[in-house]
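Have a look at the structure below, then the notes.
The values are calculated or read from the model by the stated rules, or taken from the named source; none is laboratory data. Quantities reported herein were computed from a predicted structural model and do not represent experimental measurements. Here Cβ is always computed from backbone atoms with ideal geometry, including for glycine, and neighbour counts include all displayed protein chains. In case anyone asks, the SASA skips ligands and DNA or RNA and just uses the protein heavy atoms, side chains included. Shrake-Rupley method; radii C 1.70, N 1.55, O 1.52, S 1.80 Å.
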Amino acid sequence: MKTVLDFAKRKTSGEKIVMVTCYDTWSARIISETKVDVALVGDSASMVMHGHESTVLAEVEMMAYHVAAVKRGLSGKFLVADLPFLAHRKGTRYLMESIDKLMKAGAQAIKMEGADGMLDTIEYVVKSGVPVMGHLGLTPQSFHQLGGFRLQGAEEASAAQILKYSQQLEQAGVFSLVLEMVPAALAKSITETVGVPTIGIGAGVHTNGQVLVLQDLLGMSKDFEPKFLKKYLDGFGLISQALNQYSDEVRTGTFPSVKESY
Ligand code: KIV
């Protein structure tokens, strides 16, 4: 997928959108050679790449740095960047300067979490010529308020609220919508209600696409095993094995051999 128009086409054609997070050049180079459609420089970078406890610690400069690194390695894929914590609540000037930095670093669209009190802001950003991807359900930037990384919309009232927000976000002009950790039935009804494609993470099979954190699907973390995650590789095990083999061969003098020597 190359432009924002391709998202609308997928809603019509029914072909699923495949998105993964990406924070660096070498991952971007690999993604470029795969069937993945969209690279997301998520603010999860603050956790995955910087070891923070939450995405609250992500800064605009951090995000722009990762976007630029991804941009240098990515080709033929759509590139989305997260607007970090509170960047939309520090005044219009700060918001627009933040978006300016992310777009100039190479993003083609900005993902903004939440809807409550944000609809006018999102509309303003969209009308400024910046495509916005919405994000509802578990919005990790609010994890202190939500009491952790938990399922959202499990009760009737909260499900109805999330459905309403999804319609309001569509009216505000988002071109697509991430649904994170909501019941599959709620994701289904949102997907059937809104005209823009939905992209789920922990939201069941009925969304118009899926997104996962790259390092999660590659099994890079030994102990991270939420219900929604499928690990497609034992990255932790395979990389540890390679590093141990390298260590053993250095110690036994089998590396470097004549083949690797000048
Ligand atoms: O920051 C992120 O990685 C995300 C995805 C999980 C959707 O927002």
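Scanning the range 116-174 for residues that are within 15 Å of the ligand (Cβ to nearest atom) and among the β-branched types (Val, Ile, Thr) returns Val132, Thr139, Val174.
The sole residue among Ala159, Ala184 that is more than 20 Å from the chain's Cα centre (by Cα) and at pLDDT 95 or above is Ala159.
Per the listing Asp116, Asp100, the residue uniquely surrounded by fewer than 17 Cβ atoms within 10 Å (Cβ to Cβ), free of Cβ contacts under 8 Å to residues at least 40 places away in the same chain, assigned by TED's automatic domain parsing to the domain that holds Leu186 and of a type in the set (Asp, Glu) is Asp100. Summed over the range 191-244, residues that are touching a residue at least 60 places away in the same chain (Cβ under 8 Å) and away from the ligand (no atom under 16 Å from the Cβ) total 1. Considering (1) open to solvent by 50 Å² or more (accessible area, probe 1.4 Å); (2) free of Cβ contacts under 8 Å to residues at least 40 places away in the same chain, the lone condition that Gly91 does not fulfil carries the number (1). Answer yes or no as to whether Glu15 is at pLDDT 95 or above, acidic (Asp, Glu) and closer than 16 Å to Gly209 by Cα. Yes: the conditions hold for Glu15.
Within the range 123-141, the residues that satisfy the criterion of being over 17 Å from Pro197 (Cα atoms) and open to solvent by less than 10 Å² (accessible area, probe 1.4 Å) are Val125, Leu138.
Filtering the range 95-104 to residues that are more than 16 Å from the ligand (Cβ to nearest atom) and either closer than 18 Å to Ala28 by Cα or modelled with pLDDT under 95 (or both) leaves Met103, Lys104. Looking at Ser166, Ser189, Ser176, Ser240, can you tell me which residue is more than 23 Å from the chain's Cα centre (by Cα) and either crowded, with 19+ Cβ neighbours inside 10 Å or at pLDDT 95 or above (or both)? Being more than 23 Å from the chain's Cα centre (by Cα) and either crowded, with 19+ Cβ neighbours inside 10 Å or at pLDDT 95 or above (or both) holds for just one of Ser166, Ser189, Ser176, Ser240, which is Ser240.
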